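Below: the structure, in structure tokens.
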Amino acid sequence: MEKKIILVCGEPSGDLQAGLLVSKLKELDKDIRVFAVGGENLRQAGAEVFQDIKGLSVLGLFDVLKKIGVFKQLMNTILDKIGQVKPDAVILVDFSGFNLRLAKSLNKRYPVIYYISPQVWASRQGRVETIRKFIDKLIVIFKFERDFYQKFGIQAEFVGHPLLDIVKPKTDKKSFCQEFGLQENSPIFALLPGSRASEVKRILPVMLESARIIQEKIPSAQFIISKPSGMDNSIYASSLRGAKRRSNLNLEVKLIDSRQYDCLNAADFVLVCSGTATLETAIMRKPNVIIYKMGLLNYLLYRPLVKLPFIGMENIVAGKMLAPEFIQFRTRPQLIANKVLEIFNNKKLLEGLNEDFASLRLKLGAPGAPLRASQSVLAFLNSSS
């Protein structure tokens, strides 16, 4: 009997994880139909995307307020689609601000599965009650999340982290260096300034000025920027022009499109924007520093809500500082460059970090998370029917 699912994500990282989930669901049950708010990964996985996520990604309260009309329209579109399809379940993937409101709107009329839990352990723990009341099945990707929810009497199933299945380079370092005109035996520093245009605009100039200072101390240093697919080249060109004007930047930087894991594999050190990329960098066992800067008002509103000592996911999972964090007022290029050089030139510290990254990887569970998550979804559907 055909099963129908509505799936909702709102950001590229959610589309990636949802695509992996749907791909495995369809392998296990060829008759399952998935109607989705998503992007290219979900399309390729076989989902019927009725609303594209392009332009939905927001950062902070003021971004949300600017797009309030867009989100109201999206909510109506999804509720109309649910009314038409009458799904066996609704799967929510990340995108917590919107998705928890959607779960409330559904008000238990349909079974709701949440995959990749809202980060209530970091801020706004009051949302735990919303999850308890409106979410029927919770599938989490961090072991500490399962333990966190248990304290509130909520059963969460830990399936492991899906990144373990996908963080793999497509080519070796030698071939990559030949392709992009890099010297394999000279240090390579990768700059990962984020997956949102607003992040790149704020963070890339800081990274570029840091790179200039690093190159003064390491003349043979080479720099590459990892650009996510779909991001406009003009954003990077604008940052490079601005950096040159401000500091007479005479730095050769190669912009590399849609090859993040190859960039990480080739890199000897990484300057990375806070987000999923920090965990990808750690999985690849690359020493790194975390940089993040947002609009001042957003930061002043958001920072008091965060109850953790770190914001970088690799540090949160490890339970200690693996990657120094340079956030908001500490995003000073000289400060960042000094720390990068301190780590890069300390062989003993680098060896210790490599061991720490190996331990962190074990905390993420075993590979195969998308398969286990899809099996959990199907078991839930079968028990509900």
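Scan the range 355-385 for residues that are among the small types (Gly, Ala, Ser), in a helix (DSSP H, G or I), touching a residue at least 60 places away in the same chain (Cβ under 8 Å) and more than 18 Å from PRO162 (Cβ to Cβ) and the total you get is 2.
Once the range 52-71 is narrowed to residues that are under 14 Å from VAL37 (Cα atoms) and not hydrophobic (A, V, I, L, M, F, W, C), the residue that is modelled with the highest pLDDT is ASP52. Taking the criterion of being polar (S, T, N, Q) and modelled with pLDDT of 80 or more, the residues of the range 241-260 that qualify are SER258, GLN260. The single condition among (1) crowded, with 17+ Cβ neighbours inside 10 Å; (2) out of contact with any strand residue (DSSP E or B) (no Cβ under 7 Å at 6 or more places or on another chain); (3) in contact (Cβ under 8 Å) with a residue 60 or more places away in the chain that LEU322 does not meet is (3).
Within the range 64-86, is there a residue that is over 20 Å from the mean Cα position of the chain (by Cα), in contact (Cβ under 8 Å) with a residue 40 or more places away in the chain, within 19 Å of GLN375 (Cβ to Cβ) and in a loop (DSSP other than H, G, I, E, B)? No, the range 64-86 contains no residue that is over 20 Å from the mean Cα position of the chain (by Cα), in contact (Cβ under 8 Å) with a residue 40 or more places away in the chain, within 19 Å of GLN375 (Cβ to Cβ) and in a loop (DSSP other than H, G, I, E, B).
The strands (runs of 3 or more DSSP E) located wholly in the range 123-207 that include 3 or more residues which are assigned by TED's automatic domain parsing to the domain that holds ILE235, under 22 Å from LEU360 (Cβ atoms) and within 23 Å of the chain's Cα centre (by Cα) occupy 188-192. Restricted to the range 210-257, and to residues there that are surrounded by 12 or more Cβ atoms within 10 Å (Cβ to Cβ) and in a loop (DSSP other than H, G, I, E, B), the residue that is nearest to the chain's Cα centre (by Cα) is PRO228.
Residues that are surrounded by fewer than 18 Cβ atoms within 10 Å (Cβ to Cβ) and touching a Cys at 6+ places or on another chain (Cβ under 8 Å) were ranked within the range 150-194; the one that is farthest from ASN265 (Cα to Cα) is GLN183.
Taking the range 1-25 as the search range and keeping residues that are farther than 16 Å from LYS137 by Cβ and of a type in the set (A, V, I, L, M), which one is surrounded by the most Cβ atoms within 10 Å (Cβ to Cβ)? In this case the residue turns out to be VAL22. When SER220 is tested against (1) within 26 Å of ASP15 (Cα to Cα); (2) out of contact with any helix residue (DSSP H, G or I) (no Cβ under 7 Å at 6 or more places or on another chain); (3) of a type in the set (Gly, Ala, Ser), exactly one condition is not met: (1). Listed conditions (1) over 30 Å from LEU335 (Cβ atoms); (2) in contact with a helix residue (DSSP H, G or I) (Cβ under 8 Å, 6 or more places away or on another chain); (3) loosely packed, with under 15 Cβ neighbours inside 10 Å are all met by ALA197, apart from (1). Considering only residues of the range 13-52 that are in a strand (DSSP E or B) and of a type in the set (A, V, I, L, M, F, W, C), which is farthest from ALA379 (Cα to Cα)? Step by step, filter the range 13-52, then rank; the result is PHE50. For the range 300-354, a residue qualifies if it is part of a helix (DSSP H, G or I) and of a type in the set (Ser, Thr, Tyr), and exactly one does: TYR302.
Being of a type in the set (A, V, I, L, M) and either under 21 Å from ASP15 (Cβ atoms) or surrounded by fewer than 19 Cβ atoms within 10 Å (Cβ to Cβ) (or both) is a description that applies to ILE139. With respect to the conditions (1) outside the structural domain of SER23 (by TED's automatic domain parsing); (2) surrounded by 16 or more Cβ atoms within 10 Å (Cβ to Cβ), GLY352 falls short on a single one, namely (2).
The values are calculated or read from the model by the stated rules, or taken from the named source; none is laboratory data. Just so it is clear, the model here is predicted, and its values are computed rather than measured. Note that each Cβ is placed from the backbone with ideal geometry, even for glycine, and that neighbours are counted across all protein chains shown.
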